[in-house]
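Step one of this worksheet: look at the structure below.
The values are calculated or read from the model by the stated rules, or taken from the named source; none is laboratory data. These numbers were taken from a predicted model, which means no experiment stands behind them. All accessible areas refer to the heavy atoms of the entire protein, side chains included, with ligands and DNA or RNA removed. Shrake-Rupley method; radii C 1.70, N 1.55, O 1.52, S 1.80 Å.
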Amino acid sequence: MTYWTLRFVPISVFAMLLVGLVGCLSQASSAVAEDASWRHLALWDDGKAEYAVYEVDWARYGDRFPGRALLVLVKEPWAPDLEVKADTPREDGFDVIKLNHIRDVPTGVYTYHQMASLFWRREGGELQKLASSSAEACGLSTGFMVGGELETRSYFDGQGQRQQPWPDDALAQDGLPASLRQYVTGPVPETLSIFPTLLTGAFPPLQATAWKLSRGEERTVEVPAGSFSAVELRLEQGERFLRYTFGTEAPHVLLQFEDSQGTEYRLAKVERIPYWAMHDAGDEEWIPAYLRFAPPAE
């Protein structure tokens with residue numbers, strides 16, 4: 001609509017258009033505020049990390065194997081020249097929120113050791129960097145994304161070493177225990193673009209795909225860590241689903257996870273702790289006894 005046509009629009013119609021525009025802007029501002037709310041909580045400035053341990057049933061080889069997962073969420077200063085954590089805050093740096101997603105599952109005579117480390121800008125939520133690895137007795141596969149470029153290396157035939165652009169609007173599946181928190185409250189989009197998990201030896205097709213997103217009603221959830229008020233965020237793609245249940249109280253800790261293949265996470269314990277200093281003999285007692293790693297009995 002040009003200025004010349006706008007001149008002849010009745011005042012009542014113009015007012016309706018103006019109200020609609022203001023409404024859209026207000027709605028957009030609300031969405032941005034909700035997106036940022038959990039990342040901007042003062043608790044991230046307390047010098048500790050959200051440290052959560054989960055009992056896991058992992059779907060693999062047509063069976064479900066018990067194991068353990070750790071989700072570690074913490075604020076860190078960033079060194080943009082090296083794309084790593086800064087020892088101390090820098091004038092040219094910024095804050096990031098880091099998620100370390102760690103999973104260890106014994107399968108038969110060997111154990112999978114898997115980890116994804118993701119870094120988002122605290123201010124805007126953009127994914128700054130991703131690094132992943134999956135190691136077991138057969139081999140090692142890795143993923144690395146920085147500057148919008150993803151490099152993967154797999155020991156599987158037909159995969160090997162590959163490079164490709166990271167899709168701008170995609171959320172990393174391995175980071176959803178953190179990045180989905182923006183939808184626990186506030187507006188929920190109908191679909192999300194999800195880049196598949198890199199916590200695996202043989203990579204799936206490395207392309208982002210659309211998943212339908214829905215949010216359930218608030219309810220009480222029982223997990224080994226206790227009873228919590230929670231909401232479920234469900235991603236669906238045909239018959240496939242990813243179901244994440246978060247606490248309604250900020251910062252919305254992940255309580256449960258389940259996928260259509262049969263993998264499940266159940267929160268066993270969570271606390272804000274300086275985990276990097278808890279490396280001495282005896283500190284493992286923080287972890288529930290049945291989820292600790294220990295040498296086999298003789």
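Numbers at a glance
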quantity	calculated
Stokes-Einstein D in µm²/s, Kirkwood radius over Cα pairs - region 42-153 at 20 °C with 1.002 mPa s viscosity	137 µm²/s
Candidate residues E50, E258: accessible-area rank, largest first, probe 1.4 Å	E258, E50
Scattering curve values for region 96-236, log₁₀ I(q)/I(0), Debye with Cα scatterers, q = 0.12, 0.19, 0.22 Å⁻¹	-0.57, -1.20, -1.37
Principal axes of the chain: Cα extent on each, largest first, Å	90, 47, 45
Per residue value of the accessible surface for the chain (all protein chains in place, 1.4 Å probe), Å²	54 Å²
Per-q log10 I(q)/I(0), region 152-203, q = 0.13, 0.18 Å⁻¹ (Debye; single scatterer per alpha-carbon; no solvent)	-0.43, -0.71
Solvent-accessible area, 1.4 Å probe, carbon plus sulfur percent, for the chain	55 percent
Rule-of-thumb Rg ratio for region 181-296 [Cα; 2.2 N^0.38 Å; N residues]	1.27
Principal-axis tilt of helix 11-37 within the chain, Cα atoms, nearest 10 degrees	20 degrees
Among L180, L150, L82, residue whose mean-square fluctuation peaks in a GNM of the chain (springs only between Cα atoms under 10 Å)	L82
Exceeding the 21 Å Cα-Cα cut-off - candidates K75/K129; K75/K212; K212/K269	K75/K212; K212/K269
